[in-house]
Structure formats: structure tokens, C-alpha cells
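In what follows, a structure is listed as C-alpha cells, so that the remarks can point back to it.
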Amino acid sequence: MTLPFHVRRDRPLVPAPALFVASGTSLYAGSALAVGLFALMPAHTVAWWRVLVSAVLLLLWRRPWRTGWTARTFAGSALFGVVLAGMNMLFYQAIDHLPMGTAVSLEYVGPVILAAWGSRSVRARSAVVLAALGVLSIGGLG
């Protein structure tokens, strides 16, 4: 049985909450650092540099050429990269014109709405309420 390229049985799985925390920390620490570069170059240039450096580091870390990608896998990854680059550029334009807390809260509105729409249990709805309160608190509203 052959496994898809992203399934590795020779490594321990990292718990999803740890990946979530690492991802959020990386995203917002990088964004906070990038804000300081806005004095040297436009926001869209900072975003392109961040995407380029991240792509190179990811390629060096994961070495996808060793796993036998199909055209479909490559196309899906390329599309995902283009979407992430676009999202980064829009976010950087937002933090260039708005306070960071407001820009971040606007970024989280979509996921909170989706979570609210898909929540079924009391626990899930409670988590959505807490997330919505967090978005409101960092958004500078009120």
C-alpha cells in the first residue's frame, strides 16, 4: 500500500493544538516584525519577501522533490501558495493602513462566522462565543 506524500509513519505525529499555536505564533510574530520594515519598503514588497523567504525555507525543510509529486499535487500546492501569497499581501496592506489589532480581528471574522455556522454542541457554541469576544477585544471596538 502506498501512502500519499504527506503521510509519514516514521515520525511521531504532532498534536494539532501544538501546530495551531506554532502557526499563529509564526504568523503574527512575523507580521509584527514586518511592520517595522514598512518604513523601508511598501507593504506589498514586504509581503512578497516574506512569501519568498518562507517558500524557500519550506522547500529546504520538506524537500518535495524526494517524494514523487504528481501534476495534480503540484497544481494543488501551487494554487494554495498563490492563495496564501494573496492573503498575505492583503493582510499587509491592511496593517499598513489600520491598527494591527483591528486588521487581525477583521482577519478572524470569517473563521468565527464559519465556526458559528457549523457548531452543533453547547461546547462548540461556547468556544465560538469566546472567539467572538476575543475578536471584539483585539479589534478596538468599544
**Study point:** Contacts under 8 angstrom Cβ, first residue in the stretch 94-109 being among the aromatic types (F, W, Y), partner assigned to a helix (DSSP H, G or I), 6 or more apart
**Key:** Y108/A131; Y108/G134; Y108/V135
Point to revise | Residues of the stretch 55-107 classified as surrounded by 12 or more Cβ atoms within 10 Å (Cβ to Cβ) and within 16 Å of H44 (Cβ to Cβ), total | key: 15
Review point. Quick one: what pairs do we get from the stretch 13-36, first residue farther than 17 Å from T102 by Cα and without any contact (Cβ under 8 Å) to a residue 60 or more places away in the chain, second open to solvent by 60 Å² or more (accessible area, probe 1.4 Å) and in a helix (DSSP H, G or I), C-beta under 6 Å, 6+ apart or different chains?
Key: none
Check your understanding: Taking into account only those residues within the stretch 86-105 that are in contact with a Gly (Cβ under 7 Å, 6 or more places away or on another chain) and assigned to a helix (DSSP H, G or I), which is nearest to A32 (Cα to Cα)?
Key -> G101
Practice item. Please indicate, with yes or no, whether at least one residue in the stretch 72-80 is at pLDDT 90 or above, more than 14 Å from G30 (Cα to Cα) and under 13 Å from the mean Cα position of the chain (by Cα). Key: yes
Review point. Can you name every residue in the stretch 17-36 that is among the hydrophobic types (A, V, I, L, M, F, W, C) and open to solvent by 70 Å² or more (accessible area, probe 1.4 Å)?
Key: L19, F20, V21, L33
Review point. Can you find a residue in the stretch 119-142 that is part of a loop (DSSP other than H, G, I, E, B), in contact with a Leu (Cβ under 8 Å, 6 or more places away or on another chain) and exposed (fewer than 14 other Cβ atoms within 10 Å of the Cβ)?
Key: yes
Check your understanding: How many of the residues in the stretch 50-66 are in a helix (DSSP H, G or I) and over 19 Å from N88 (Cα atoms)?
Key -> 6
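The values are calculated or read from the model by the stated rules, or taken from the named source; none is laboratory data. Quick caveat: nothing in here was measured; it's all calculated off a predicted structure. Ideal geometry is used to build each Cβ from the backbone, glycine not excepted, and the neighbour counts take in all protein chains shown. Side chains are part of the model used for accessible areas, which takes the heavy atoms of the whole protein and leaves out ligands, DNA and RNA. Shrake-Rupley method; radii C 1.70, N 1.55, O 1.52, S 1.80 Å.
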